[in-house]
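To start, the structure itself, in structure tokens.
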Amino acid sequence: NAGVTQTPKFRVLKTGQSMTLLCAQDMNHEYMYWYRQDPGMGLRLIHYSVGEGTTAKGEVPDGYNVSRLKKQNFLLGLESAAPSQTSVYFCASTQAYEQYFGPGTRLTVT
Amino acid sequence: TQLLEQSPQFLSIQEGENLTVYCNSSSVFSSLQWYRQEPGEGPVLLVTVVTGGEVKKLKRLTFQFGDARKDSSLHITAAQPGDTGLYLCAAPGAGGTSYGKLTFGQGTILTVHP
């Protein structure tokens, strides 16, 4: 089992550019999440999904959009990247409360 | 919004020393989890504690859930360089249906020097 995978692993964007981060899980989990991790701030929830076709806002949703067209995939989009979105992004999935995390995407916005 | 406060934020120790990391809140939790994150990877669950006063051991790691279920601690005995990493506590959302959502503490960065 691959578990949770994320692509890409690294990305550098210029301010105003857009991009999509892809998360895929092969555990048939209903719930999926996108977090950002910044120094000294732990993990903050951006958006989450409780099933195929559903999405909901988390703690820090501004500037991000998500889609869950297939149960195994959860996409995170940045419409117009800003330097404040420089961070490490983690995707996670769960069926109960233990969350399984991907390896992360390190995004730098210049 | 419930908050989880972890202390200390940074810990740098020598191999063989003992250490304790704390996770505190003013809220009561149904359960609490501890994750470890190694550089360049995502967090991995170490343990879940669910009963007030519960103590769980995982080799040299001892986890305790406070009697009032508002706090928890992680104690490492005879730390080794392989214990180096970021330790995060996390708790499920309070009230209603939380959809598996967790609130995380800000983390404790542990460095164990050989």
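The values are calculated or read from the model by the stated rules, or taken from the named source; none is laboratory data. From a predicted model like this one, the values you see are computed outputs, not experimental measurements. When we count neighbours, we look across all protein chains shown, and the Cβ atoms used for this are built from the backbone with ideal geometry, even at glycine. For the accessible areas, the whole protein counts, side chains as well, though only heavy atoms, and no ligand, DNA or RNA atoms are used. Shrake-Rupley method; radii C 1.70, N 1.55, O 1.52, S 1.80 Å.
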- Query: Taking the range A:21-79, which residues are open to solvent by 40 Å² or more (accessible area, probe 1.4 Å) and aliphatic (A, V, I, L, M)?
  - Reply: A:LEU22, A:MET27, A:MET41, A:VAL50, A:LEU69, A:LEU75
- Message: Going through A:TYR89, A:TYR35, A:TYR97, A:TYR48 one at a time, which residue ends up being of a type in the set (Phe, Trp, Tyr) and in contact (Cβ under 8 Å) with a residue 60 or more places away in the chain?
- Response: A:TYR89
- Query: Among (1) open to solvent by less than 60 Å² (accessible area, probe 1.4 Å); (2) hydrophobic (A, V, I, L, M, F, W, C); (3) within 13 Å of another protein chain (Cβ to nearest Cβ), which single condition is B:PHE63 missing?
  - Reply: (3)
- Query: When only residues in the range B:40-60 that are open to solvent by less than 70 Å² (accessible area, probe 1.4 Å) and of a type in the set (D, E, K, R) count, which is farthest from the other protein chains (Cβ to nearest Cβ)?
  - Reply: B:ARG60
- Members of the range B:88-106 found to be open to solvent by less than 50 Å² (accessible area, probe 1.4 Å) and not in a strand (DSSP E or B), listed by number: B:GLY93, B:SER98, B:GLY100, B:GLY105, B:GLN106
- Message: Show the residue pairs meeting these rules: Cβ distance below 7 Å; 6+ apart or different chains; first residue within the range A:54-68 and over 21 Å from A:PRO83 (Cβ atoms); second residue aliphatic (A, V, I, L, M) and open to solvent by 50 Å² or more (accessible area, probe 1.4 Å).
- Response: A:VAL66/A:LEU75; A:SER67/A:LEU75
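I'd like the residue in the range B:18-39 that is open to solvent by 70 Å² or more (accessible area, probe 1.4 Å) and within 14 Å of chain A (Cβ to nearest Cβ) and, out of all such residues, is farthest from A:GLN6 (Cα to Cα).
Once the filter is applied, the top-ranked residue is B:SER30.
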- Of all residues in the range A:86-110 being of a type in the set (A, V, I, L, M) and more than 7 Å from chain B (Cβ to nearest Cβ), which is farthest from A:GLN17 (Cα to Cα)? A:ALA92
